[in-house]
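Heads up, the thing below is written out as structure tokens.
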Amino acid sequence: MKIREDYEQVGWRKLIHWVNADLQEDYISKDHVIHDQLHLKENAAQEKNKRIDELKSSLQALAKTHGKQWYEKSYRIFSIFVAVAMIIVLLGVVSQLPSFGDPSNPANNEVSERYIESGLQETGAVNIVAGMILDYRAFDTLGESHVLFIAAVSVLILLRMDYGSDGKLRKTKGIRDEGYDRMYEPRNDLILQTVTRLLFPMIVLFGIYVILNGHISAGGGFSGGAIVGAALILYNNAFGFNKTKRFFTYNTFKWVSFASLITYALLKTYSFYTGANHLHSGIPLGEPGAILSSGLILPLNICVGCVVACTMYTFFTMFRKGGM
Amino acid sequence: MIQLFINYYETVAVIIFSIGFTTMLLNRNLIKKIIGFNFMDCAIYLFLACKGYVEGRKAPIIIDGVQSMEAYINPVPSGLVLTGIVVSVSVTAFLLALTIRLYYRYHTLDIEEIIVLSKKEED
């Protein structure tokens, strides 16, 4: 318990003592507290000094052998020089660029013309960007989903901690020696829990809406998946890992990601195979603007949304606890 | 020179990019280096987004069956920005995870100290 140093002198306390007729002034001994604090400070200062000395000596040793001091000085000067040179070069480039917002810019060439003028007939998507990234460039988006999945897996490898079958942390060498930082977080916060109970279904619903409407309005798998992932993170913050463990574990992450990626790959393989061989793919494009339209874009959006939501939540749990 | 003020979005993007680059060069703290890296990412998105913009046109979502090029902005940079955001999120998460592991090992975020300590371990 932390107590102000001048706590004994506060007027309110004196008043309480007077009302209670309490003559014992010393239920927290001042000397004891101060002594403790001094002791702690001394210890910390000693350790710090020792560490600094060690570092200094090793730095000096390096400086002698490797010319470190010269390097330190020249590095700063050189990096400032490089930064200034880069700013000048880039500003020079910008001053030669075509004007902002001009319709006759070279960027508005036949590529964008083709996408805008025949995108609707070829992909069936009203949202041209969705039609572009999930139909013309679907292979690229498959790669993107894999980048997310691989990032989640590498964060898992780097940060996952071993929890035994009894739920206790197995001591791994060098990890989490200096106390557990979640000790000081509030638990079962009533305001957060009430708000989460109200908001969680709405946020998830909104995320699903954004995913399913990816081909007829702004949005799509990436943004909708990020919204669903944010809802999961909010739920976890409010209710803790014991509740989220009931519906989201390693296996959920593994199987949902795997199923989404394999579905995406198979669907697109079919469409590439038939398209490359001039076969009729038999996938109806539907009426533009309807929810069940534009061929494969809707299922692909759902797959991407699942991968993104799982990845976001996995990043959060790994950085917070190192487990799910 | 006057073009710098006409292209003010690009100018701002370039300045933000330089701020991020300088942060990466001059700071020894690994977290600050990652923040600088994210600054550079955001500058690139701003640059791409304003390259695709055309004065007075709308977002490329077809309304009322109008399919002429004069009605919509360029959709290609929007798709590129989407790709960029995904990659930047993944790379940032990976870098932060690596930084956490380095902190567990050496109990410092200073890159110079980490180099010194790792050299000492090798000896």
If I ask for residues that are among the small types (G, A, S) and touching a helix residue (DSSP H, G or I) at 6+ places or on another chain (Cβ under 6 Å), which ones from segment A:197-225 would you list? A:G207, A:G214, A:G219, A:G220, A:G221, A:S223, A:G224, A:G225
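Just one of A:A218, A:A226, A:A231 is at pLDDT 90 or above, within 14 Å of another protein chain (Cβ to nearest Cβ) and closer than 30 Å to B:L80 by Cβ; which is it?
Values: A:A218 fails: at pLDDT 90 or above; A:A231 fails: within 14 Å of another protein chain (Cβ to nearest Cβ).
Going through A:A218, A:A226, A:A231 in turn, the sole match is A:A226.
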Just name the residue that is farthest from A:C310 (Cα to Cα) out of those in segment A:253-292 that are of a type in the set (F, W, Y) and open to solvent by less than 50 Å² (accessible area, probe 1.4 Å). A:Y264
Would you point out the residue of segment B:52-63, among those that are under 16 Å from A:E113 (Cβ atoms) and touching an Asp or Glu at 6+ places or on another chain (Cβ under 8 Å), that is nearest to the other protein chains (Cβ to nearest Cβ)? B:V54
Of residues in segment A:105-136 being of a type in the set (S, T, N, Q) and part of a helix (DSSP H, G or I), the one farthest from the other protein chains (Cβ to nearest Cβ): A:T123
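Is it fair to say A:L300 is assigned to a helix (DSSP H, G or I), without any contact (Cβ under 8 Å) to a residue 60 or more places away in the chain and under 24 Å from A:A152 (Cβ atoms)? Walk me through how you get there before you give the answer.
Numbers: assigned to a helix (DSSP H, G or I): yes; without any contact (Cβ under 8 Å) to a residue 60 or more places away in the chain: no; under 24 Å from A:A152 (Cβ atoms): yes.
So A:L300 fails the test.
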The listed residue being facing another protein chain (nearest Cβ under 8 Å) and within 16 Å of A:I133 (Cα to Cα), out of B:G79, B:G84: B:G79
Say whether the condition of being over 30 Å from A:A152 (Cβ atoms), basic (K, R) and open to solvent by 40 Å² or more (accessible area, probe 1.4 Å) is met by at least one residue in segment B:25-41. no
Quick one: A:F319 ticks every box in (1) open to solvent by 50 Å² or more (accessible area, probe 1.4 Å); (2) in a helix (DSSP H, G or I); (3) free of Cβ contacts under 8 Å to residues at least 40 places away in the same chain except a single one, so which number is it? (3)
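Any chance segment B:103-118 includes a residue that's facing chain A (nearest Cβ under 7 Å), open to solvent by less than 20 Å² (accessible area, probe 1.4 Å) and under 29 Å from A:G323 (Cβ atoms)?
Residues of segment B:103-118 that are facing chain A (nearest Cβ under 7 Å), as a first pass: B:104-105, B:113, B:116.
With open to solvent by less than 20 Å² (accessible area, probe 1.4 Å) added as a condition, the list becomes B:116.
From what is left, the residues that are under 29 Å from A:G323 (Cβ atoms) are none.
There is no residue in segment B:103-118 that is facing chain A (nearest Cβ under 7 Å), open to solvent by less than 20 Å² (accessible area, probe 1.4 Å) and under 29 Å from A:G323 (Cβ atoms).
The values are calculated or read from the model by the stated rules, or taken from the named source; none is laboratory data. This structure is a prediction, so every number in the text was calculated from the model and none was measured. Reconstructed Cβ throughout: ideal geometry from the backbone, glycine too, with neighbour counts over all protein chains shown. Surface accessibility is based on the protein's heavy atoms, side chains included, excluding ligands, DNA and RNA. Shrake-Rupley method; radii C 1.70, N 1.55, O 1.52, S 1.80 Å.
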